Amino acid sequence: MDRKVSVVVSVYNEEKALEEFYRETGKVLNGLDWDYELVFVNDGSADGSLAILDSLAERDSRVKVVSFSRNFGHEAAMIAGLDYSSGDAVVCMDADLQHPPECIPRILEKMAQGYEVISMVRTKNKSAGLVKNITSSGFYWLINHISDVHFEPNASDFFAVSRHVVQVLKDNYREKVRFLRGYVQNVGFRKTTIEYEARARVAGESKYSLKKLFIFSINTILCFSNMPLKLGIYAGIFSALLGVAVIVYTLFTRQGAPSGYATIVVLICFMFAMMFVIIGIIGEYIAILFTELKDRPIYIVDRTRNVE
């Protein structure tokens, strides 16, 4: 077995799912003609996940464990998994089995055909509600209209990249505020997509609340588009045209100040609201710049198992 695949798994409070994930994924990987390793990244779990990972690493030398000093987030865990992986192909997936392990052979077939970036596109999500599906579709529609980068709608954190792409991500994409699946689609190289149907979670609940998803979406838009900064220009043009319209109205009615003071108050409130929104957008960009300037580590490793 000359070729090796690394399966990177982000783990945060997944004690009920880990054994089942290990059994199902191991069954799939053992049927391949690739050597493999399972790189579990413990993202500061507060339950018994780390003890289970240590037990798996004790039984199987192909199980690598990277444990953070605290919770750094799902994206940081995937980046750490890429950093600690050693395979010719790297597959990133979640531990809750929503990302089906049986897709791995199809992914490796595409890798063997010369593709270096494979985005897994979700066609159906059994565990997501109507609101989450609608907001997800709306997010991809918006980011594709205001960004120069095209994102595959419904692409997930289930993806695969070659060793070459992993090295590019390690060397050049180390932002503190980031959108990893966006970087994967942005690096170029020969890429393709594979459709899959997300399973129901084997255990536990989603770690992303609507609030976290909203903050994540805002950060993604700010990282990949400068269109929000241009709102000030558009607001200024709109205000100027509105002022011209009021002047024309005043001249033609010949009544001095236009009637309807309530309308004027509404317009003033609207303009101030627009101004504060633009100031808030500028503040968000400054916050991202400040985070990058502090240059704090993306993650801190407490300890590892079966890692050279």
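The values are calculated or read from the model by the stated rules, or taken from the named source; none is laboratory data. These numbers come from a predicted model, not from an experiment. For neighbour counting, all protein chains shown are included, and Cβ atoms are generated from backbone atoms with ideal geometry for every residue, glycine included. Accessible surface areas use protein heavy atoms only, side chains included; no ligands, DNA or RNA. Shrake-Rupley method; radii C 1.70, N 1.55, O 1.52, S 1.80 Å.
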### Query
Failed condition for Met93, given (1) buried (at least 24 other Cβ atoms within 10 Å of the Cβ); (2) touching a helix residue (DSSP H, G or I) at 6+ places or on another chain (Cβ under 6 Å), with all others met?
(2)
### Query
Given segment 1-105, what strands (runs of 3 or more DSSP E) lie entirely inside it while holding 2 or more residues that are of a type in the set (Ser, Thr, Tyr)?
4-11
#### Entry: Matching residues in segment 152-187 - criterion: being over 20 Å from Met111 (Cβ atoms), open to solvent by 50 Å² or more (accessible area, probe 1.4 Å) and assigned to a helix (DSSP H, G or I)
Asp171, Asn172
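Return a yes/no flag: does segment 242-263 have any residue that is at pLDDT 80 or above and either assigned by the TED database to the domain that holds Gly81 or surrounded by fewer than 12 Cβ atoms within 10 Å (Cβ to Cβ) (or both).
The answer is no, given that none of the residues of segment 242-263 is at pLDDT 80 or above and either assigned by the TED database to the domain that holds Gly81 or surrounded by fewer than 12 Cβ atoms within 10 Å (Cβ to Cβ) (or both).
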### Query
For Ile298, all conditions in the list (1) assigned to a strand (DSSP E or B); (2) of a type outside the set (S, T, N, Q); (3) in contact with an Asp or Glu (Cβ under 9 Å, 6 or more places away or on another chain) hold save one; what is the number of the exception?
(1)
